[in-house]
1. Hey, V223 hits all of (1) at pLDDT 65 or above; (2) of a type outside the set (S, T, Y); (3) out of contact with any helix residue (DSSP H, G or I) (no Cβ under 7 Å at 6 or more places or on another chain) but one; which does it fall short on?
2. Residue check, I69 against (1) in contact with a Ser or Thr (Cβ under 6 Å, 6 or more places away or on another chain); (2) crowded, with 22+ Cβ neighbours inside 10 Å, all met but one. Which one?
3. From L82, L40, grab the single residue that is crowded, with 18+ Cβ neighbours inside 10 Å and out of contact with any Phe, Trp or Tyr (no Cβ under 8 Å at 6 or more places or on another chain).
4. Considering only residues that are part of a helix (DSSP H, G or I) and under 14 Å from the mean Cα position of the chain (by Cα), which ones fall in the stretch 130-156?
5. Of the numbered conditions (1) more than 28 Å from the chain's Cα centre (by Cα); (2) touching a residue at least 24 places away in the same chain (Cβ under 8 Å); (3) in a loop (DSSP other than H, G, I, E, B), Q28 fails exactly one; give the number of that condition.
6. Could you grab me the full set of residues in the stretch 131-158 that are of a type outside the set (S, T, N, Q), closer than 16 Å to E95 by Cβ and without any contact (Cβ under 8 Å) to a residue 40 or more places away in the chain?
7. Just a yes or no: is a residue in the stretch 168-186 in contact with a Cys (Cβ under 8 Å, 6 or more places away or on another chain) and either closer than 18 Å to W118 by Cα or crowded, with 24+ Cβ neighbours inside 10 Å (or both)?
Amino acid sequence: MLIIGLGLVVSRAPIRIQWWEWRLRHAQTDAQRLHYFHLLGSMGPSAIGAAKSLLVDQDPSLRGMGVGILQQIDSPQTTELLRKASKDPDPQVRELAIFGLAMHRNPDVVPMLRERVWSDDVTSCRAAVAALGSYGCETSSSTLERIVREHSSALVRAEAIEQLAAMRCSDSIPILIEALDDLEPYDGSTTYEELDRVVEQWYQRQHSETAEKPIEVVKGRTVADRAGMALRQITGQTIEFDSTWDETRRNESREQWWAWWANRRSSGTATDSPSEPRP
């Protein structure tokens, strides 16, 4: 009887998955979609077929949910499906797929990410740069440094700087000091700026009646501002920089950073630079 019971449970799983996929496709509200999305995600590798089916739907939001299911399943098959989804016509689906590849931290994906950062699609470029930030300084810093120096998109350069700061790549400090000359403003937001905005909006909803004042989220105005913030984040130093200062004052700040770096190099004192990927 136990064997028969287990057989019934196993045989019912594919039926449930097919039913949940159908309900997801025909859901009338976002809450219903999320409900069936989470049910499918809980099924692990058994849901790969449903996710694969969603990836070819005409509705980009359903394709995005297919990607979301695959993000929760780490297998060679899901990696290949996410690779294909990273070329989806919809930019948000492409971005989700690239982040999904990074979540699995498959080293085989790194060459693709390094190639993608030089594509003409800024959304995918930024996502690939953010994804490289999950692999640690040893794997990613040289690519990110090249992006800071050479990439045509100011937003992508700012994202690369942000990732170097998040990983505390102290060997990249000279590149970041050089970036203090990059006064180009960037349109859009880096990954952490978007996260800051989400946190700020949540805070305002939770404390709209009791908060004395709104929380302030500091955002870099130019690539140089982002580099100044990164330098302070990596080193713990308090040397200020603001792209709106006049040239003389900006040069003074930059020279302070070069002097600090020369002193650290001559003294042989290393900064805190963990090379392990972020959790």
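The values are calculated or read from the model by the stated rules, or taken from the named source; none is laboratory data. If you're wondering where the values come from, they're calculated on a predicted model, not measured in any experiment. Cβ coordinates were reconstructed from backbone atoms using ideal geometry, including for glycine residues, and neighbour counts include every protein chain displayed.
1. It fails just one condition, (3).
2. (1)
3. Values: L40 fails: out of contact with any Phe, Trp or Tyr (no Cβ under 8 Å at 6 or more places or on another chain).
Of the residues listed, the single one that is crowded, with 18+ Cβ neighbours inside 10 Å and out of contact with any Phe, Trp or Tyr (no Cβ under 8 Å at 6 or more places or on another chain) is L82.
4. So in the stretch 130-156, the residues part of a helix (DSSP H, G or I) come out as 130-132, 137-150, 154-156.
If the condition is that a residue be part of a helix (DSSP H, G or I) and under 14 Å from the mean Cα position of the chain (by Cα), then A130, A131, L132, S140, L144, L155, V156 are the ones that fit.
5. (2)
6. Start the filter on the stretch 131-158 by keeping residues that are of a type outside the set (S, T, N, Q), which leaves 131-133, 135-138, 144-151, 154-158.
From what is left, the residues that are closer than 16 Å to E95 by Cβ are 131-133, 155-156.
Answer for the stretch 131-158, where residues must be of a type outside the set (S, T, N, Q), closer than 16 Å to E95 by Cβ and without any contact (Cβ under 8 Å) to a residue 40 or more places away in the chain: A131, L132, L155, V156.
7. If we filter the stretch 168-186 for residues that are in contact with a Cys (Cβ under 8 Å, 6 or more places away or on another chain), which is where we start, we get 168-169, 171-172.
Filter again for either closer than 18 Å to W118 by Cα or crowded, with 24+ Cβ neighbours inside 10 Å (or both), leaving 169, 172.
Yes; the residues of the stretch 168-186 include at least one that is in contact with a Cys (Cβ under 8 Å, 6 or more places away or on another chain) and either closer than 18 Å to W118 by Cα or crowded, with 24+ Cβ neighbours inside 10 Å (or both).
The rows are residues; the columns are (1) in contact with a Lys or Arg (Cβ under 9 Å, 6 or more places away or on another chain); (2) of a type outside the set (A, V, I, L, M, F, W, C).
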| position | (1), (2) |
| --- | --- |
| L101 | yes, no |
| W118 | no, no |
| C137 | yes, no |
| S142 | no, yes |
